[in-house]
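Nothing in this text is a laboratory measurement; each read-out follows from the coordinates by a stated rule. The structure displayed is predicted, hence computed values, not measured ones. A quick note on method: Cβ atoms are made from the backbone with ideal geometry, for glycine too, and the neighbour counts reach across all protein chains shown.
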Amino acid sequence: MLDLLPDLFDVYGDELILLPPMFTSFGKQECFWGEVVTVKCYRDNSKVKQLLAQDGRGKVLVVDGQGAMDCALMGDMIAQSAADNGWHGVVIFGCVRDVATLKTINLGVKAVGANPIKTEKKGLGEVDLALEIYGVIISPHSYIYADANGVAVSSRALSVLNL
């Protein structure tokens, strides 16, 4: 499926909220969706690495990096770990790095930008809390749907099979 969001909005428009159009696709999978797991961290990707090393089948990690653009919250090694552990995707309100390699990893990746500088690792961050990104609330166990048209959130799983 190449264009998921237009069809989803046609059928479920009243159940979806579109995030502002600031996210760029960096992963091999342009179209992805799944149940949300959240992490909030600032210039420290310790919790991102920890979560993506766990089983992520059917899930999308939403990372609130508070829009920091001076370092990357995920690179190729963490992305490969996510793919190996079955994660469907990662949405980062912040930056990624190793962008050429990310395009070869079987994972959906949306982020605000790219920066080659790594984060500090202090073990800081909060997991499983509601995040607010530009006025859009993204709660754990909600659902993310993403494609080349953008990123949307729903409070429940929506059927994509009959679209």
Inset, instruction - Using the Cα centre as the reference, give the magnitude of the dipole from point charges on the C-beta atoms of the chain (Lys, Arg: +1; Asp, Glu: -1; all else neutral), rounded to the nearest 20 debye. - result: 600
Legend entry - Bins of 10 Å, starting at 0 and running to the largest distance - Cα pair percent for the range 93-138: 19, 41, 38, 2
Inset, instruction - Give the relative contact order (percent, whole number) for the chain; include only Cα pairs under 8 Å separated by 6+ residues. - result: 35
Inset, instruction - Work the Kirkwood hydrodynamic radius out for the range 4-57: mean of 1/r over every pair of different alpha-carbon atoms, inverted, in Å. - result: 14.1
Inset, instruction - Among TYR145, TYR134, TYR42, rank each residue by its count of other Cβ atoms within 10 Å, from fewest to most, as a rough exposure measure. - result: TYR134, TYR42, TYR145
Legend entry - Whole-number D in µm²/s for the chain (Stokes-Einstein; Kirkwood sum over Cα pairs; 10 °C, 1.306 mPa s): 104
Legend entry - For the range 82-154 and the range 1-24, distance of Cα centres in Å: 17
Inset, instruction - Work from the charge dipole of the chain (Cβ charges, +1 for Lys and Arg, -1 for Asp and Glu, about the Cα centre) and give the residue of VAL99, ILE133, TRP87 farthest towards its positive end. - result: VAL99
Inset, instruction - Once every Cα of the range 1-92 carries one equal point scatterer and solvent is ignored, give the base-10 log of I(q)/I(0) from the Debye formula at q = 0.14, 0.16, 0.20, 0.24 Å⁻¹, two decimals. - result: -0.54, -0.70, -1.04, -1.35
Legend entry - Cα-based Rg of the range 61-148 normalised by 2.2 N^0.38 Å, two decimals: 1.05
